[in-house]
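The values are calculated or read from the model by the stated rules, or taken from the named source; none is laboratory data. Worth saying up front: this structure is predicted, and the values here are computed from it rather than measured. Every residue, glycine among them, receives a Cβ derived from its backbone with ideal geometry; neighbour counts consider all protein chains shown.
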Amino acid sequence: MAVKISGVLKDGAGKPVVNCAIELRARRTSPTVVAHVVATCVTDNNGAYVIEAEPGYYEVALHCNGWQPTRVGDIDVAPTDAPGTLNAFLNAPKDGDLRPEVMKRFEEMVAQAQQSAGAAAGNAQQTAQDVAAAATARDDAQRFAEKARQDATVTAEDRKATAEDVTSTGANAAAAGQSAQDAAGYARAAEQAKNDIDAALTGTLKMANHLSEIAAAGEKAQQKSRDNLGLK
C-alpha cells in the first residue's frame with residue numbers, strides 16, 4: 001500500500017522551489033519495488049509536490065534548474081507510516097541511526113548492571129562481615145553478662161557469709177555475757193547454799209549436843225535443857 005508524501009519544497013528564505021525534480025531511487029528490493037528503480041516528482045508553480053511512495057528504502061535527490069543534482073538523504077517508507085512531508089521522512093530516524101543508539105544504550109545498561117552487581121556483591125560481603133561482627137559482639141556480651149552474674153553471686157554469698165559471721169559473733173558474745181552472768185549467779189547461789197548448810201549443820205550439832213546433855217542429866221537436866229532451848 002502506497003504512502004502519501006506531500007508538501008511544499010522551500011529554500012532557505014522560505015520561498016517555494018518550483019519546477020524541481022524530486023527523485024526517489026530504491027536502495028534495495030522490496031515486495032513492490034526493485035532496487036535502483038527511480039521515481040520522480042516535479043514541484044508545481046507553488047513548490048508543492050505529491051508522491052505516492054511504495055514501501056521501501058529510497059535515496060532522495062533534487063534536480064532543480066540551475067543547480068547541480070544533489071543527494072539530500074535517505075527515507076524509509078513502511079506500510080504502516082502515516083502520510084507526511086518529505087522533510088518529515090528525511091528527518092525520521094533510520095535503521096542505521098537507531099542501531100548505534102540501541103547498541104550504545106544496551107552497552108550502558110550492561111555496564112550499569114555489572115556495576116550494580118559489583119556493588120551488590122560488595123554490600124553482601126559487608127553485610128556478612130557486619131553479621132559476623134554482631135555475632136561476635138553478642139557472644140562477648142553473653143560472656144561478660146555470665147561473668148558479671150557469677151561475680152554478683154559470689155559477692156552476694158560473701159556478704160551473706162559475712163553477715164552470718166557478724167550475727168554469729170554477736171550471738172556468741174551475747175551468749176558469753178549471759179554465761180558469765182549465769183556463772184556469777186550460780187556462784188552466789190552456791191555460796192548462799194554453803195552458808196545455809198553451814199548454819200543448818202551448826203543448828204543440828206547444837207541440837208544433838210543438847211539432846212545428849214538431856215539424856216545424860218536426866219529429867220531435871222532435860223527440863224533445864226528444854227528451858228535453855230526454849231522447848232516446852
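Summary table
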quantity: Some residue of the stretch 81-94 being in a strand (DSSP E or B) and modelled with pLDDT of 95 or more; calculated: yes
quantity: Selection status of Tyr49, of a type outside the set (A, V, I, L, M, F, W, C) and farther than 17 Å from Thr85 by Cβ; calculated: no
quantity: The lone exception for Pro31 - which of (1) surrounded by fewer than 12 Cβ atoms within 10 Å (Cβ to Cβ); (2) at pLDDT 95 or above it fails; calculated: (2)
quantity: Residue match in the stretch 71-83 (condition: basic (Lys, Arg), closer than 27 Å to Lys15 by Cβ and crowded, with 16+ Cβ neighbours inside 10 Å); calculated: no
quantity: Considering residues of the stretch 4-22 that are in contact with a Phe, Trp or Tyr (Cβ under 9 Å, 6 or more places away or on another chain) and not in a loop (DSSP other than H, G, I, E, B) only, the residue surrounded by the fewest Cβ atoms within 10 Å (Cβ to Cβ); calculated: Ser6
quantity: Number of positions in the stretch 45-74 that are under 20 Å from Ala88 (Cα atoms) and assigned to a loop (DSSP other than H, G, I, E, B); calculated: 4
quantity: Where Gly73 falls short, out of the listed (1) in contact with a helix residue (DSSP H, G or I) (Cβ under 6 Å, 6 or more places away or on another chain); (2) touching a residue at least 60 places away in the same chain (Cβ under 8 Å); calculated: (2)
